[in-house]
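Chemist: I have a structure here, written as structure tokens, and I will follow up with some questions on it.
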Amino acid sequence: MDRRRFWSATRLVAEREVRTLLRTKGFWIGFAVIVVGLFAMSILPTVFGGDQTKVAAVGSQAVDALEGSDFEVRTVSDVDEASALVRSEEVEAAVVPSGDGVKVLALDDPPTDVVAALRTAPQVELLDPSAVGQGPRMVTIMVFAVVFLIFGMGGAAIAQSTVVEKQTRIVEILVSTVPVRALLAGKILGHTVLTLGQAVVLAVVAPIALRMGGQQELLAMVAPALPWFVPFLVLGFLLLAGMWAVAGSLVSRQEDLGSSMGLVMLLVIGPYFGVMTFSDDATVMHVLSYVPFTSAIAMPVRLFALQAAAWEALLALGLLAGTVVLVVLLASRIYSGSLLHTGGKMALKKAWAREE
Amino acid sequence: MLTVTSISRSFGDHRVLDDVSFEVRPGRMTGFLGANGSGKTTTMRIVLGVLAAHGGAVHWEGAPVTGEMRQRFGYMPEERGLYPKMGVAEQIAWLGQLHGLDQATARRNTARLLEQLELSARAKDKLEELSLGNQQRAQVAAALVHDPVLLILDEPFSGLDPIAVETVLGVLRERAAGGVPVLFSSHQLSVVERLCDDVVIISGGRIAAAGARDELRARYGTTRFEIVVAGDAGWVGDVPGVRLVDVDGPRAVFEPDDDGVDQVVLEAALRKGTVRSFTPVVPTLDEIFMEAI
């Protein structure tokens with residue numbers, strides 16, 4: 001096969017895919033929802049979640065004890081005034097002198113946060129100070145899993161565009177003009193470029209949103225893992241793209257698309273739930289970080305949490321890349337075998353066996 | 001020149017093409033005739049590489065056809081289809097590029113073709129906004145945009161109104177006159193009759209007849225004569241050496257067994273009275289077709 005001819009066909013197909021998708025309203029609406037959601041997630045908690053616990057304090061000892069806490073402290077002159085405030089629920093608790101120390105007044109529930117703040121915590125010495133805390137780790141898992149889910153589902157557009165070509169039968173002109181593999185390669189390339197483009201926009205917008213919401217710490221947390229996440233995300237997308245294309249090629253009408261997309265959807269949602277569910281289980285996460293479908297989320301998370309070495313990441317990337325090559329090769333055979341098929345849904349086995 | 005040599009193809013146990021051979025010569029319109037299911041579309045798909053042949057070969061200018069050659073062929077499939085949501089001019093130009101044109105040439109050719117096919121006013125519309133007839137014209141443009149070296153059109157006139165047929169025909173004739181071999185299938189024999197220089201007749205997956213239209217007429221056409229006299233023409237059947245094909249009052253159609261018997265009939269008719277007309281009957285493609293298959 002003439003390589004130059006192959007690539008110019010691939011490029012033309014990719015360009016058309018990008019142009020067509022950029023022109024659909026659904027694409028922009030979907031993308032706008034993600035961006036708006038991002039801003040909402042980062043800004044809304046500060047707007048609504050800003051209520052501090054109000055505490056009344058009597059005496060200097062109580063005031064001293066509450067110093068440095070997150071509470072809104074109201075200093076009052078005596079215990080009666082403090083208990084009146086508690087009764088009228090103007091404050092959640094009151095810290096009043098009692099013997100040598102202080103005691104806490106509350107209405108009907110022991111105020112655990114206030115109690116915790118008053119308790120003198122023992123000094124902690126971290127033996128492995130570089131390890132990342134549970135909170136930041138969970139946030140990273142969330143962010144990576146959601147991004148993977150969104151882009152993985154975005155690959156469904158490949159199935160859509162394949163079935164449009166089959167349904168309108170333009171596929172016959174395309175197949176008689178350029179190699180089928182160039183059609184497949186062009187579709188995957190076009191949608192990968194689009195996904196990367198969206199990822200870049202999100203990468204630019206996310207820091208702005210987080211800063212607007214005053215959540216710089218979160219940004220600082222996720223940032224170190226990003227350079228690893230990007231190649232995993234791109235390869236993970238390529239893996240799914242090949243399968244989305246097959247899902248589209250097996251049916252002849254848009255209406256039947258649902259029947260062939262189920263498995264691919266499972267492969268997108270599965271890793272999301274898998275990683276979310278087993279995020280605390282080190283052994284399972286270790287395994288998931290090598291399995292091609294879940295490694296795109298699990299390995300960057302382990303890297304972020306400093307639980308994996310660089311060589312492990314490279315190995316997982318290699319495994320993923322190998323699977324991508326394998327899946328794309330399989331996909332191109334099935335795609336060729338089923339592209340000209342019309343009628344009901346084609347069985348995978350039949351598509352595989354069918355010669356051109 | 002396109003040469004199809006002995007191609008065959010089966011779907012499962014069903015053999016749809018068997019030892020099919022024919023040529024499509026440069027500068028000539030070749031009509032591809034056959035009933036539904038006779039193998040026309042399968043043959044065309046094999047020539048275009050959409051289907052693989054199970055035997056035989058397709059040659060272009062003496063060399064086996066490659067993908068690179070096919071990129072320069074023009075094809076209008078039986079099942080029409082372009083991108084419904086893409087602009088007419090935009091997608092024709094895009095297809096031109098896919099066929100190997102650079103962008104400027106593709107755009108120029110598109111504009112010229114749309115002009116010729118009287119579609120310029122709809123150039124910016126989405127394909128789905130066009131009437132079916134106009135979509136068909138766009139489909140013709142899609143097959144021609146890259147100035148193909150060979151044109152293969154599956155039922156190019158079905159679904160066209162008579163004016164559109166003339167428009168499309170004009171465009172195809174121009175290509176043929178420019179030296180491009182044109183192969184088009186049709187089941188409307190009268191259309192083919194008017195258009196084609198050569199005819200290939202396929203029946204049950206086998207070539208029943210192939211050659212120049214006039215040659216086929218001579219080969220398959222029996223020499224028949226029609227005579228119209230003033231009175232009843234029933235007596236014509238009594239002339240020795242005459243086989244009466246049809247008689248209807250003063251009109252008779254007959255086949256002479258030997259050269260000269262027609263003149264015997266004419267002389268007899270003149271002796272009996274008035275002869276209103278006496279003509280040889282040229283067979284139509286319909287008749288050749290019925291005879292050949």
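Chemist: Looking only at B:Gly159, B:Gly81, B:Gly241, which one moves most when chain B is put into a Gaussian network model with springs between Cα atoms under 10 Å?
Modeler: Comparing B:Gly159, B:Gly81, B:Gly241 in a Gaussian network model of chain B, the most mobile one is B:Gly241.
Chemist: Shifting gears a bit: Considering Cα pairs under 8 angstrom that are at least six residues apart, work out the relative contact order of the stretch A:288-342 and quote it in whole percent. Show your work: numbers first, answer last.
Modeler: On the way: 32 pairs, mean separation 16.3, N = 55.
The normalised contact order for the stretch A:288-342 reaches 30 percent.
Chemist: Follow-up. Would you look at the GNM of chain A, springs on alpha carbons closer than 10 Å, and say which of A:Val222, A:Val246, A:Val178 moves the most?
Modeler: Highest fluctuation among the options: A:Val178.
Chemist: Need one number: nm distance between label points at B:Arg15 and B:Asn36, each 7 Å from Cα along Cα→Cβ, rounded to one decimal.
Modeler: A separation of 2.5 nm, rounded to one decimal place.
Chemist: Where does each of B:Ile152, B:Ile163, A:Ile297 land when they are ranked from fewest to most other beta-carbon atoms within 10 angstrom?
Modeler: On the way: B:Ile152 27, B:Ile163 10, A:Ile297 31.
With the fewest neighbours first, B:Ile152, B:Ile163, A:Ile297 line up as B:Ile163, B:Ile152, A:Ile297.
Chemist: Quick one: helix B:162-177 against the long Cα principal axis of chain B, what's the angle to the nearest 10°, folded into 0 to 90?
Modeler: Here the helix axis deviates by roughly 80 degrees.
Chemist: I would also like to ask the following. Could you give the length gained by full extension between B:Thr3 and B:Leu244, i.e. 0.36 nm per residue of separation minus their alpha carbon distance, to one decimal place?
Modeler: 82.5 nm
Chemist: May I pose another question? Okay, helix-only estimate at 222 nm for chain B: each DSSP H run of n ≥ 4 adds -39500 (n - 2.57), divide by all residues, round to 500 deg cm²/dmol; what do you get?
Modeler: Values: 10 runs with 101 residues, N = 293.
Taking each H run of at least 4 residues, the total per residue is -10000 deg cm²/dmol.
Chemist: Among A:Thr283, A:Thr10, what is the fewest-to-most ranking by other Cβ atoms within 10 Å?
Modeler: Values: A:Thr283 8, A:Thr10 22.
So the ranking, lowest neighbour count to highest, is A:Thr283, A:Thr10.
Chemist: Around A:Phe6, under 12 Å between beta carbons, what's the net of Lys plus Arg minus Asp minus Glu among the other residues? Don't jump to the answer; show the numbers that get you there.
Modeler: Values: positive: A:Arg3, A:Arg4, A:Arg5, A:Arg11, A:Arg181; negative: A:Asp2, B:Glu68.
Summing Lys/Arg as +1 and Asp/Glu as -1 gives +3.
Chemist: What do you get for the angle between helix B:103-116 and the principal long axis of chain B? Use alpha-carbon atoms, 0 to 90 degrees, nearest ten.
Modeler: The two axes meet at around 40 degrees.
Chemist: Please work out the FRET efficiency for the pair A:Val33 and A:Leu196, using the Cβ-Cβ distance as r and a Förster radius of 22 Å; give the result to the nearest 0.05.
Modeler: On the way: r = 19 Å, r/R0 = 0.87.
For R0 = 22 Å, the calculated efficiency reads 0.70.
Chemist: Suppose each label sits 7 Å from its Cα in the direction of the beta carbon; what would the A:Leu348-B:Ala63 distance come out to in nanometres?
Modeler: Distance between label points: 4.1 nm.
Chemist: Once you place label points 7 Å from the Cα toward the Cβ at A:Met276 and A:Ser69, how far apart are they in nm?
Modeler: 3.5 nm
Chemist: Checking the cross-link filter: which lysines have an alpha carbon closer than 27 Å to that of A:Lys187, excluding same-chain neighbours under 8 positions apart?
Modeler: Straight-distance partners of A:Lys187: A:Lys25, A:Lys166, A:Lys345, A:Lys349, A:Lys350, B:Lys85, B:Lys124, B:Lys126.
Chemist: For B:Asp259 and B:Ala212, what is the calculated FRET efficiency with R₀ set at 25 Å and r taken between the beta-carbons, to the nearest 0.05? Could the numbers behind the result be given before it?
Modeler: Numbers: r = 24 Å, r/R0 = 0.95.
Taking R0 as 25 Å, the efficiency between B:Asp259 and B:Ala212 is 0.60.
Chemist: Sticking with this one: Contact order normalised by length for chain A, with contacts defined as Cα pairs under 8 Å and 6 or more residues apart; what percent is it?
Modeler: 21 percent
Chemist: Using the 10 angstrom Cβ neighbour count as an exposure proxy, how do A:Phe151, B:Phe157 rank, fewest first?
Modeler: Numbers: A:Phe151 26, B:Phe157 20.
By the 10 Å Cβ count, ascending: B:Phe157, A:Phe151.
Chemist: For every helix of n ≥ 4 consecutive DSSP H residues, a contribution of -39,500 (n - 2.57) applies; sum these over chain A, divide by its total residues, and give [θ] at 222 nm rounded to the nearest 500 deg cm²/dmol.
Modeler: On the way: 16 runs with 250 residues, N = 356.
Rounded to the nearest 500, it is -23000 deg cm²/dmol.
Chemist: Another one. Between A:Arg253 and A:Thr283, what FRET efficiency comes out of the Förster formula 1/(1 + (r/R0)^6) with R0 = 35 Å and r the beta carbon distance, rounded to 0.05? List each step's numbers first, then the result.
Modeler: Working: r = 45 Å, r/R0 = 1.29.
Here the calculated transfer efficiency is 0.20.
Chemist: Within a 10 angstrom radius of each residue's Cβ in A:178-191, how many Cβ atoms of other chains show up on average? Whole number is fine.
Modeler: Taking all residues of A:178-191 together, the mean is 1.
Chemist: Taking only complete DSSP H runs, can you tell me which helices of chain A stretch 15 Å or more along their own long axis by Cα positions and average at least 0.5 on the Kyte-Doolittle scale?
Modeler: Details: long enough: A:3-23 (30 Å, -0.73); A:25-48 (32 Å, 1.90); A:134-154 (30 Å, 1.62); A:156-168 (18 Å, 0.13); A:180-212 (48 Å, 1.51); A:226-249 (34 Å, 1.84); A:257-277 (29 Å, 1.62); A:292-304 (19 Å, 1.11); A:310-338 (41 Å, 1.59).
In chain A, the long hydrophobic H runs are A:25-48, A:134-154, A:180-212, A:226-249, A:257-277, A:292-304, A:310-338.
Chemist: Show which lysines lie in cross-link reach of A:Lys54 when reach means a straight Cα distance below 27 angstrom and same-chain residues fewer than eight apart are skipped.
Modeler: A:Lys103
Chemist: Under the definition of Cα pairs under 8 Å and six or more residues apart, what whole-number percent is the relative contact order of the stretch B:2-218? All intermediate terms of the calculation are to be shown ahead of the outcome.
Modeler: Numbers: 413 pairs, mean separation 69.3, N = 217.
Once normalised by length, the contact order is 32 percent.
Every number here is computed from the coordinates shown, using simple stated rules; none is lab data. From a predicted model like this one, the values you see are computed outputs, not experimental measurements. Every residue, glycine as well, gets a Cβ built from its backbone with ideal geometry; the counts of neighbours run over all protein chains shown.
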